[in-house]
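Below: the structure, in structure tokens.
Laboratory data are not the source of any read-out in this text; all were calculated from the coordinates shown. Nothing here was measured: the structure is a model prediction, and the numbers come from that model. Counting neighbours? That spans all protein chains shown, and the Cβs are built from the backbone with ideal geometry, glycine included.
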Amino acid sequence: MKKNTEVKKYKNSFLNWIEYRLPIISYLEREYGDYPMPKNANYFWSFGAMLTIILVVMIFSGIFLAMYYTPHVDMAFESTERIMRDVSFGWLIRYIHSNGASFFFIVVYLHMVRSIYYGSFKYPRELNWLFGVTIYLLMMVTAFLGYTLPWGQMSYWAATVITNLFSAIPLVGESIKIWLLGDYTVGNATLNRFFALHYVLPFVILGIVALHVAAVHVHGSNNPSGVEVKTPKDTVKFFPYMLIKDTLAFSVFGIIISAVIFFGPNLMAEVDNYIPADPMVTPAHIVPNWYLAPFYAILRAVPDKLGGVVLMFGSILVLFFLPWLDKSKIKSCSYRPVYKWMTILFFADFFILGYVGLKPAVGTYLLMARVGVIYYFLYFLVLAPLVPKFEKTSQLPDSISDVYGAK
Amino acid sequence: MMNKLLFTLFALIIINSSLQAEELKAEKLKKQDWSFEGITGTFDRASIQRGFKVYREVCAVCHSMNLLYYRDLIDIGFSPDQIKVIASEYTVIDGPNDEGEMFERPARPSDRFVDPYRNDVEARLSNNGAYPPDLSLITKSRKGGADYLYNLLTGYAETEEGSDIGEGMYYNLYMPGNQIAMPQPLYDESVEYDDGTPNNLNQLSYDLTNFLVWAAEPELEERKRIGIIAILFFVVFGVFSFFLKLRLWKKVS
């Protein structure tokens, strides 16, 4: 046991008492007080803090919902409606949770756009990116599980469609599907395990978020120029400079999410989910939640079921390899005149895939989905590795202070 | 690049509008004025009470509303005594009693709205095989919500020449696919109003829709009231943060 000789002294004796036994005070001071942030970081750098707050709000609202919710096929729909009608402010908690899920994805997508555009996933932050994609993957699973819990028509049929995908796996597919469902069809066993997993996965996410945040604090945040911090002059302290920016960003976010929660709480919901689940009636269009729609479009883009499943899982897996697929040493797209537009087109492509994912897979929609899928993989597998070989990049600034002063 | 984006957007709109035509045919909804719309919208309780009368005398013959309790009627301006009287007009099966027998008793305010049928099978049998949907959430579970419902109720018409209507089905301009299993439920003067409001088809449909919107979203008024406070809070908080940010960052160079 190493004797800690350099215990930091605080004026407050209580803080000293804690610090001597667990140096958490100096840790917080170092990581959230004096922590250096590149001073040119724009508002895209506020989404990480925002996401942490959303995660905590989702966990708390979820715990309160779980106190009233009954995970049984005959009672789930009704207990959800009891929350809406008879629990004090139950409607508020549920609308915060359901719209919070949508906004969680909106902000996560913005956070990822930031990372891809400014090259935050590159050396030395690759592990951070891997944690991030893992969180995103777990979020999708958690959101899908949560979508099934109200046991409306869309809940039931989305669960049926998604679990059916596993039956496309050769030889063992059908067994895997039954193992996942706990029954031959989506039923009470399925609802029970989905509820159990929906409750536990957010805590797994919370753990990975802790790693994600700890990892970014090792080398510090990236910034819009993609040039690493060289001197303390390039940075500002987190407190109060970044905190006030994050607070301002969160206020704007608060206005937007309040407008939706209070004045259009079902804008991002499917009307069919207010009809109780009925295994005998299939809805005209089975649609996933909008934030999963791009992957649903990829799934349906090929006529072969197994092919679609492989492409869909591939489209998520390929994200993990991005730090090694993009060969450019230059981080920020601001200094990559060609790749910049390809990246923006990729964002638009993902958006269009989401749009067609909510539409029936016929005619022009199907064609758009196919073109969209081709560009999705082209971007990762061809453009990211090859463009750096031919691209004439702009001159990088010497330091962050150079860019900041120039503005 | 911008041109390309604009073109894509334009193309999307064109494609979207042409594909819409392939979906089930229905007239475009005629928008109505509703008191609950807008950020300060509130319920028109007189209209909701009349709509409840329409529901009780017409809709309730076939449609259940089993997410509602008689006690909920206090929200739309009925007194506890009035609610007791309304509830007592219905019969529920309770039990078992001390002898182990189920028995019938008048409903109480703490009971759910009584179902018109004993079970789904009876409901289907009485309605030509079609199941009359529960109306508790009807405005939330249909695209178009209140306007859809109003248009549907007033949208019955003579079967259009050449349209293919199934056996026992009725023609309705606003039903997707134009055929509906429910015969026209409301006509002029179907229900007598006590307060002298004209009881033509449009008024009956309007009042009933108001009632069903309340039934689906009883929290609407409270939600909008709190919403204004929540948004104001974030605006004030945001303005303070904005000025503090400007002040702090002035020193950074």
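When shorter helices are ignored and each DSSP H run of at least 4 residues is given -39500 (n - 2.57), the per-residue value for the protein assembly as shown at 222 nm works out to -17500 deg cm²/dmol. Partners of B:K28 within straight-line reach, counting lysines whose Cα lies under 19 Å from its Cα and excluding those fewer than 8 residues away in the same chain: B:K140, B:K143. Compute the angle between helix B:220-250 and the longest alpha-carbon principal axis of chain B, please, reported from 0 to 90 degrees and rounded to the nearest 10. Helix B:220-250 sits at roughly 10 degrees to that axis. With Cα atoms defining each centre, the stretch A:239-254 and the stretch A:311-349 are spaced 29 Å apart in the structure.
The H on the amide N of B:Y69, modeled in the peptide plane, is under 5 Å from the matching H of B:F113, each at least 5 residues off or on a different chain.
Spatial offset of the stretch B:197-229 relative to the stretch A:173-189 amounts to 43 Å, using the alpha carbon center of each.
Highest GNM mean-square fluctuation, chain A, Cα pairs closer than 10 Å: which of A:A361, A:A158, A:A259? The residue with the greatest mean-square fluctuation here is A:A259. Quick query: amide H of B:V92 versus all other amide H atoms, modeled in the peptide plane; which residues come in under 5 Å with a sequence gap of 5 or more or a different chain? Result for B:V92 returns B:R105, B:A107.
Ranking B:S88, B:P198, B:G38 by Cα position along the charge dipole of chain B, where only Lys, Arg, Asp and Glu carry charges on their C-beta atoms, puts B:G38 farthest toward the positive end. Simple spin-label estimate for B:D194 and B:K84 gives 1.7 nm between the two label positions (7 Å along the Cα-to-Cβ direction from each Cα).
Between the beta carbons of A:L386 and A:S88, assuming R0 = 60 Å, the FRET efficiency works out to 0.50 to the nearest 0.05. Distance from the Cα centroid of the stretch B:82-136 to that of the stretch A:64-140 is 39 Å (rounded to whole angstrom). Residues A:R94, A:R82, arranged from fewest to most other Cβ atoms within 10 angstrom of their Cβ, appear as A:R82, A:R94.
Spin-label pair B:E161-A:I178: with each label point 7 Å from Cα along the Cα-Cβ axis, the two points sit 5.9 nm from one another.
Under 5 Å from the amide H of A:T235 lie the amide H atoms of A:K39, each residue being 5 or more positions distant or on a separate chain, with H modelled from the backbone and absent for Pro and chain starts. Only aspartates and glutamates eight or more places from A:K327 in sequence, or on another chain, were considered; those with a Cα closer than 19 Å are A:E126, A:E228, A:E391.
Computed from backbone phi, the HN-Hα couplings of the stretch B:86-91 come to 4, 4, 5, 6, 10, 10 Hz, rounded to whole numbers (Karplus: 6.51 cos²θ - 1.76 cosθ + 1.60, θ = phi - 60°; Gly and Pro given as x). Just to confirm the number: angle between the C-alpha axis of helix A:243-263 and the first principal axis of chain A, 0 to 90 degrees, nearest 10? For A:243-263 against chain A, the angle is about 20 degrees. Can you tell me the 0 to 90 degree angle between the C-alpha axis of helix A:90-117 and the longest principal axis of chain A, rounded to 10? It is inclined by approximately 50 degrees.
When the C-alpha to C-alpha distance is required to be over 28 Å, the pairs from A:K245/A:K331; B:K30/B:K53; A:K340/B:K250; A:K233/B:K245; A:K8/B:K245 that qualify are A:K340/B:K250; A:K8/B:K245.
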